[in-house]
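The structure appears below as structure tokens.
The values are calculated or read from the model by the stated rules, or taken from the named source; none is laboratory data. Owing to the predicted nature of the structure, the values given are computational and were not obtained by experimental measurement. So basically every Cβ, Gly included, is an ideal-geometry build from the backbone, and we count neighbours across all protein chains shown.
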Amino acid sequence: SQTIHQWPATLVQPVGSPLSLECTVEGTSNPNLYWYRQAAGRGLQLLFYSVGIGQISSEVPQNLSASRPQDRQFILSSKKLLLSDSGFYLCAWQRRTGISTDTQYFGPGTRLTVL
Amino acid sequence: KNQVEQSPQSLIILEGKNCTLQCNYTVSPFSNLRWYKQDTGRGPVSLTIMTFSENTKSNGRYTATLDADTKQSSLHITASQLSDSASYICVVTRGAGKSTFGDGTTLTVKP
């Protein structure tokens, strides 16, 4: 069976510090991978998605970046965090079948607080 | 503009009662509509998914309906349980595969 891991689960960082969140998927190959951010009481906002190693698409301009160094590893980074980067970060994977009805499976999330 | 509006924003019901959550969308072209359940502090979990030709889909006590003509969907929860307390998110996917998420409805089931 497939599983998706995210770490850390919670993180408190000062403004201006760097960030690295990691997401890994087990039990599948060549997945589509996604990073979302969810502000308190709001819906999910797609930040990045990837259809393969080294292939990253950005949905919104921001001070975050993403990388996919391995097939089942997706990393979200920032060189300098802003207060507005606080939120709940979710990673998701989806089978790469080209069928839009395939479900996205979400990880447990990382709660980031920037002080 | 592609939007997904959910109502109500929050809802409190007593255990055992039924409830219905609404989702209106302007996303075009339409590909499919999903309902997710998100427990507090957890990732969303898929409940149902419907394509253009489907107007109802059930998953246990959860029943989703879709009216593609009026661009409305509803999620009906029957005989609510305390474990149904969560945020319910409506997601509409366009033909190009891009998804738009609603802000969710927060449901609280009280004993």
Handout entry: Boolean, A:THR10 is within 13 Å of another protein chain (Cβ to nearest Cβ), over 29 Å from B:VAL92 (Cβ atoms) and of a type outside the set (Asp, Glu)
Key = yes
Completion exercise
Considering the stretch B:84-111, residues that are of a type in the set (A, V, I, L, M) and modelled with pLDDT of 95 or more, and then whichever is surrounded by the most Cβ atoms within 10 Å (Cβ to Cβ), we arrive at B:ILE89
Practice task
Report whether or not A:GLN73 is surrounded by fewer than 18 Cβ atoms within 10 Å (Cβ to Cβ) and touching a helix residue (DSSP H, G or I) at 6+ places or on another chain (Cβ under 9 Å).
Solution key: no
Exercise for the section: Quick one: count up the residues across the stretch B:24-83 that are without any contact (Cβ under 8 Å) to a residue 40 or more places away in the chain, away from chain A (no Cβ under 14 Å) and crowded, with 20+ Cβ neighbours inside 10 Å. Expected result: 0
Fill in the blank from the handout: Condition set surrounded by fewer than 19 Cβ atoms within 10 Å (Cβ to Cβ) and of a type in the set (Val, Ile, Thr), scope the stretch A:76-115, selection farthest from B:VAL92 (Cα to Cα): answer is A:THR113
Exercise for the section: Identify the single condition in (1) surrounded by fewer than 19 Cβ atoms within 10 Å (Cβ to Cβ); (2) modelled with pLDDT under 95; (3) not β-branched (Val, Ile, Thr) that B:SER10 does not satisfy, given that it satisfies every other one. Expected result: (2)
Handout entry: Selected residue (only one of A:GLY16, A:GLY43, A:GLY27 is in contact with a Gly (Cβ under 6 Å, 6 or more places away or on another chain) and either of a type in the set (Val, Ile, Thr) or more than 16 Å from A:ALA66 (Cα to Cα) (or both))
Key = A:GLY43
Exercise for the section: At least 2 residues that are among the polar types (S, T, N, Q) in each: list the strands (runs of 3 or more DSSP E) lying fully within the stretch B:1-68 that qualify. Expected result: B:4-7, B:19-25, B:30-38, B:45-51, B:56-59, B:62-67
